[in-house]
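Written out below as structure tokens is the structure these notes cover.
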Amino acid sequence: MSTATDLPPALGEAARSYLEREHLLLIGDERRAAADGRTFTTEDPASGSVIATVPQAGEADVDAAVAAARDALEGDWAKLPAARRGRLIAALADAIEAHTVELAELEALDQGKPVTLARAVDVRATAAHFHYFSGWPTKISGDTLPVSQPNLFCYTRREPVGVCAQIIPWNFPLLMAAWKLGPALAAGCTSVLKPAEQTPLTALRLGELALEVGFPPGVINVLTGDGETGAALVAHPDVDKIAFTGSTAVGREIGAQAGRDLKRVTLELGGKSANIVLADADPAAAVRNAFQAIYFNSGQACNAGSRLFLPVERYDAVVAELAERAAATKLGPGLDPDTQLGPLVSAEQHDRVRGFVERGIADGAELLAGGSATPLGEDQSGHFFAPTLFSVTGDELEIAREEIFGPVLVASPYSSLEEVAMRANDSDYGLAAGVVTSDLSAAHRLAAMLKAGSVYINQWGLSDPSAPFGGFKASGVGREHGREGLESYLETKTVWVGL
Ligand code: NAP
Ligand code: MG
């Protein structure tokens, strides 16, 4: 358990008093310890200090949470009129806005990201997501169908899929919870949410806020735990749908298991997204775009622009500018308002990123910036990693093919539009791709050629609750956001009436 003296002085009162409370699982309307009493700790990635102890949910807790979600699904939640459901979701959005500072500080401390980013992106987009989905419950409707046979009335009903296991990663903990819960709640589903073990705090707080604004107990249950907790949820026979965001390796296993059990499943997985600068692009705009695409959130974004393709004639100038900008970036703790780049989330992620960088150097890639694992000095105990830039001539090296999930950009020159489209698509992944140009015709031709779920033209990574997001190929199955995101939480029932 943390004490006030362990916590950074920059932390505000609300976040501090939340951290000093006991952290418990949320099952129905109860806040309880794990049935077997196990716990684990979460740390501040900027210092390595423990900031909180949370329960480690086991199988008995998974059983209890799924039962609570089932009871709510078939009880109070199902009886609630759609308009009331929408108002509850809106009330949760309002509560998130009202707790912006507390949630942003908790996220910055637990995850490591700059508090300015947590506030402007994570918390703001979380509230926006719930606000958007609060409008859907009253617009979910079936059809009356023009069937050919006489004296028949045929119509469809759209019904909630049921109890959802929602498993999320550590890069945008609160926002990923909203991406899962928003459409599930709008559709009338109930949820057992499992945050990542590295970042359990904001999901627990979100669950409490939902109860406070009046959600019936059991609609949102929050289980902190690890991969075993997630696996127990996935395997649970009374779960109807699994929604997962995380690594492609785990997503593959979850998809296989869901296939065997014939559970509904949506998967948001990894990426190795190509950012293509065309020869006409303004070099300063290209540098700004490429920098934001990879180093935002310290590269810990599934849609990070981790491969940069530059026209051969512009190559040296753009990479030199990027290397200079990377070297000038201020790293620091998330709670320091001057921090531009926070640490990586964990020692494990730091080791993983360092491993990729060391193998990249050994494989012969040219290191133009960063590459240093302890950029703040040898005595630094946080998981800082300097923004790193490699130059390569082909696409075969591991650093050019595998998702690193850290601040590591791999730049490469190209000669023609056809060549670069082919190389951009030569990847197992297909989450995102981008084009920087003022040539509209080339931009739209490339947008059609690129095999990716999102294509960003002259910006990178914009997101909106109304705009579908998800991957081609190994980057996932299904889409989140918008009508498509909602659809994945609905079943269609066809009703035939003999007249
Ligand atoms: P991960 O293992 O896929 O974790 C994602 C979530 O799944 C976490 O909540 C995790 O729990 C849970 N989980 C782990 N094993 C599970 C299993 N067998 N069944 C059900 N749930 C399971 O990702 P990670 O290990 O944290 O990160 C590894 C790599 O994944 C990163 O380096 C990055 O390449 C990629 N990644 C991608 C995204 C993305 O947005 N696409 C996000 C995060 C990571 P615990 O964390 O509590 O064990
Ligand atoms: Mg943490």
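Quick rundown of the values:
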| quantity | calculated |
| --- | --- |
| Pair Ala328, Glu348: separation of 7 Å Cα→Cβ label points (nm) | 3.8 |
| ³J(HN,Hα) computed for each position of region 432-445 - Karplus, 6.51 cos²θ - 1.76 cosθ + 1.60, integer Hz, glycine/proline x | 8, 7, x, 9, 10, 5, 10, 8, 4, 5, 5, 4, 6, 4 |
| Value of D in µm² per second that Stokes-Einstein yields for the chain, Kirkwood Rh from Cα pairs, at 20 °C (1.002 mPa s) | 91 |
| Longest to shortest principal axis, alpha-carbon extents of region 293-405, angstrom | 41, 27, 25 |
| FRET efficiency estimate (nearest 0.05) - Cβ-Cβ, Arg359 to Asp439, R0 35 angstrom | 0.45 |
| Charge dipole (debye, nearest 20) of region 7-116; +1 at Cβ of Lys and Arg, -1 at Cβ of Asp and Glu | 340 |
| Rg to Rh quotient for region 201-266, alpha carbon positions, Kirkwood Rh | 1.02 |
| Residue exposure sequence - Thr494, Thr202, Thr329 - by fewest surrounding Cβ within 10 Å | Thr494, Thr329, Thr202 |
| Cβ-defined net charge surrounding Leu7, 9 Å radius [Lys, Arg +1; Asp, Glu -1] | -2 |
| Ratio Rg/Rh, restricted to region 1-134 and using Cα atoms, in which Rh is the Kirkwood radius | 1.02 |
| 10 Å binning of all Cα-Cα separations within region 436-478, expressed as whole percents from 0 upward | 25, 50, 24, 1 |
| Distance in nm between pseudo-label sites at Arg38 and Leu367 (7 Å out along the Cβ direction from Cα) | 3.8 |
| Residues of region 336-365 with amide N under 15 Å of a point placed 7 Å along Cα→Cβ from Leu376 | 336-347, 350 |
| Label point at Thr116 placed 7 Å out along Cα→Cβ; residues across region 6-43 whose backbone nitrogen lies under 20 Å | 9-12 |
| Cα gyration tensor, region 178-238 - rounded (a/c under 1.5), prolate or oblate | oblate |
| Spin-label model distance (nm) - Val101 vs Glu484, 7 Å beyond Cα toward Cβ | 4.0 |
| Efficiency of FRET between Arg260 and Glu398 - r from beta-carbon atoms, R0 30 angstrom, step 0.05 | 0.40 |
| Projected-area average for region 166-319 over all orientations - Cα convex hull basis, square nanometres | 11.4 |
| Pairwise FRET efficiency - Val497 versus Asp76, Cβ, R0 = 41 Å, nearest 0.05 | 0.90 |
| Anisotropy class of region 102-156 from Cα gyration tensor, a/c 1.5 cut | prolate |
| Radius 13 Å from Cβ of Trp179, net charge of other residues (Lys, Arg +1; Asp, Glu -1) | -3 |
| Degrees, to the nearest 10: 59-74 long Cα axis against longest axis of the chain | 60 |
| Local electrostatic count, Ala231, Cβ distance below 15 Å [Lys/Arg +1, Asp/Glu -1] | -4 |
| Prolate/oblate/rounded call for region 253-347, Cα gyration tensor, a/c under 1.5 rounded | oblate |
| Which of Ser306, Leu201, Gly251, positive extreme of dipole for region 176-335 (C-beta unit charges) | Gly251 |
| More than 21 Å apart - percent of Cα-Cα pairs taken over region 344-499 | 60 |
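No value in this document is a laboratory result; all are computed from the given coordinates. Remember, it's a predicted structure, so these values are computed and weren't measured experimentally. Glycine also receives a Cβ, built like all others from the backbone with ideal geometry; neighbour counts cover every protein chain displayed.
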